[in-house]
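**Q** Quick one: the structure is below, and I'll ask about it shortly.
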Amino acid sequence: MTACIYARTCQQEKRHHTTSVPRQVEIARELALEHNLTIQPDHIFTDIEYPGHLHPTCWALENEEGRPALAALIHKIESGHVKRVIVRRIEKLGTASAPLQLLLELFERHDVYIVAPPEVATETSDPSAVFALSILKSRVQFETELARDRQARARQKKR
């Protein structure tokens with residue numbers, strides 16, 4: 001299945017190696033392997049130094065700053081070329097309710113799921129991660145198909 005990677009940094013994250021775009025892409029590629037997803041070279045979208053509260057440029061008001069790479073990702077989704085969006089942390093997609101709600105509606109309309117590391121589900125120290133997850137959780141895949149199969153077999157053995 002074809003997927004894409006979305007990575008974003010903002011000014012406040014500049015000093016953190018774990019949030020750098022190359023590190024986010026590396027982690028996303030690992031997730032792609034775990035989920036048997038294919039990433040085409042033109043399916044990596046990065047917004048550098050854009051805060052998460054901004055809309056993608058295609059949804060931004062005139063004269064309003066927006067995230068251009070997120071807009072390009074949206075166009076790929078709308079063209080039917082993407083069914084999974086891989087992110088290092090769920091709040092990379094957004095930290096404000098308006099863009100997150102619009103993304104949720106877009107993902108639902110196009111049957112797109114978000115692939116994210118499982119630790120995001122229990123992240124309580126970062127309010128923006130908890131907020132983004134609360135809006136997008138119906139579209140997030142934390143576990144691989146293989147892990148779900150193992151859990152199902154384990155449950156059957158217990159019976």
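**Q** Return the distance in nm (one decimal) between the two label points of a simple spin-label model at Arg29 and Lys157, each offset 7 Å from Cα along Cα→Cβ.
**A** In this crude spin-label approximation the distance works out to 3.5 nm.
**Q** Kindly rank 112-118, 90-96 from highest to lowest mean number of other beta carbons found within 10 Å of each residue.
**A** Numbers: 112-118: 20.1, 90-96: 24.3.
Highest to lowest by the protection proxy: 90-96, 112-118.
**Q** Under 28 Å between alpha carbons, and skipping anything fewer than 8 positions from Lys137 in its own chain: which lysines qualify?
**A** Qualifying lysines at Cα under 28 Å: Lys14, Lys76, Lys83, Lys92.
**Q** Here is a follow-up. Arrange Cys58, Cys4 by Cβ neighbour counts within 10 Å, fewest through most, would you?
**A** Cys58, Cys4
**Q** Answer with one residue from Val25, Leu70, Thr38: the one whose Cα lies farthest towards the positive end of the charge dipole of the range 2-158, charges on Cβ with Lys, Arg +1 and Asp, Glu -1.
**A** Projecting each Cα onto the dipole axis, the largest value belongs to Thr38.
**Q** Can you pull the one-decimal nm distance between simple spin-label points at Ile48 and Asn36, each 7 Å off the Cα toward Cβ?
**A** So the two model labels end up 3.6 nm from each other.
**Q** Here's something else I'd like to know. Let me know the whole percent of all Cα-Cα pairs from the range 2-158 that are separated by more than 19 Å. Could the numbers behind the result be given before it?
**A** Working: 6443 of 12246 pairs.
Here the tail beyond 19 Å accounts for 53 percent of pairs.
Read-outs: derived from the displayed coordinates by stated rules, not from any lab. Predicted, not measured: the structure shown is a model, and the values here were computed from it. Glycine gets a Cβ as well: all are built from the backbone with ideal geometry, and neighbour counts include every protein chain shown.
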